[in-house]
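Below is one structure, written out as structure tokens; the observations come after it.
The values are calculated or read from the model by the stated rules, or taken from the named source; none is laboratory data. What you see is a predicted model; the values in this text were computed from it and never measured. So basically every Cβ, Gly included, is an ideal-geometry build from the backbone, and we count neighbours across all protein chains shown.
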Amino acid sequence: MMRYCPSESAMNPKPVTVPEFRSAKSQARRLAVVTAYDYTSAKIADQAGIDCILVGDSLGMVVQGLPNSLPVSLGEMIYHTRCVARAVKHALIVADLPFLSYQVSPAQAVRSAGKLLKAGAHAVKLEGGERMADAIAACHRADIPVMGHVGLTPQSIHRFGGFKVQRDEDLTLRDAKAVELAGAFSIVIEGVPSTLGAKVTNTVNVPTIGIGAGAECDGQVLVWHDLLGLYDEFRPKFVKRYAELGTAAKGAIGEYIREVKDGTFPGSEHGFQ
Ligand code: KIV
């Protein structure tokens, strides 16, 4: 049986700040990041001692049942960021800028990112390398911390022709460097060979957070539903399922159905005298 062992941060919920997150690299402290989209999940992750909660636009798939994240709106991201922010006492909250909320111009990026900060995020994440450097720099100038995202950027699936591992080393390294120079405090690297994940990590001075990018990244991120075994539609190779909550939930609900039908539930202890 898996036992919950509270970490030091769970016992002492001191907030993780952007400068602390950034300094993890020079202090050789690995960073654990997980997505969450609602109050209860965020509270569980926070109390377990996670360093950073990402309110990811992956909610399009795992919460809304969409085939990809492209239809997710800024209004939906603001709503989920508010839900998460109400629960968190320790973790850094990073909220995703969804598709078309930042690509039009740097001014649009600042306006959209500012709304996520007003909803309770401490920082935003946006996808893209060199071509998004101006948007990142504009947010940085407006005191909005930005986490970059390079490699397999899910908002680019139509350009890539699907969720495909990105193998262009020069392009990925150039993108990561451009994101760092534009002022990002950290960079997600997704869906690249492990050797490339390591090269990017050794090239930039800010922490890299890998997802399908190998073990050499400064930290790792997983989607809540993947980590806990709640999502079966798509099982990427890089996912490790730390629990099978989907199976456990089906078992529990099945038992509830049986007990309602055979009259075992509610028992006298569940009634008012
Ligand atoms: O939207 C998301 O959850 C993400 C992570 C997978 C990095 O961007």
When residues of the stretch 30-52 are filtered for being more than 18 Å from residue 124 (Cβ to Cβ), in a helix (DSSP H, G or I) and within 14 Å of the ligand (Cβ to nearest atom), how many remain? 2
Assess whether residue 115 counts as being over 19 Å from residue 219 (Cβ atoms) and of a type outside the set (A, V, I, L, M, F, W, C). yes
Matching entry among 162, 128 (being surrounded by fewer than 20 Cβ atoms within 10 Å (Cβ to Cβ) and within 22 Å of residue 70 (Cβ to Cβ)): 162
If I ask for residues that are without any contact (Cβ under 8 Å) to a residue 60 or more places away in the chain and assigned to a strand (DSSP E or B), which ones from the stretch 53-91 would you list? 53
Checking residue 215 against (1) surrounded by fewer than 20 Cβ atoms within 10 Å (Cβ to Cβ); (2) over 20 Å from the mean Cα position of the chain (by Cα); (3) aliphatic (A, V, I, L, M), only one condition comes out false. Which one? (2)
With the checklist (1) under 18 Å from the mean Cα position of the chain (by Cα); (2) at pLDDT below 95 in hand, flag the one item residue 233 doesn't pass. (1)
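Check 76, 130 and return the single one that is under 16 Å from the mean Cα position of the chain (by Cα) and acidic (Asp, Glu).
76
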So which residues in the stretch 163-192 are part of a loop (DSSP other than H, G, I, E, B) and over 20 Å from the mean Cα position of the chain (by Cα), if there are any at all? 167, 168, 182
Check the stretch 9-21 and report whether any residue there is in contact (Cβ under 8 Å) with a residue 60 or more places away in the chain, part of a strand (DSSP E or B) and touching a Phe, Trp or Tyr at 6+ places or on another chain (Cβ under 9 Å). no
Contact list, first residue from the stretch 119-130 and without any contact (Cβ under 8 Å) to a residue 60 or more places away in the chain, second anywhere and assigned to a loop (DSSP other than H, G, I, E, B), beta-carbon distance below 7 Å, six or more apart or interchain, is 124/97; 124/144; 126/97; 126/102; 127/153; 128/153
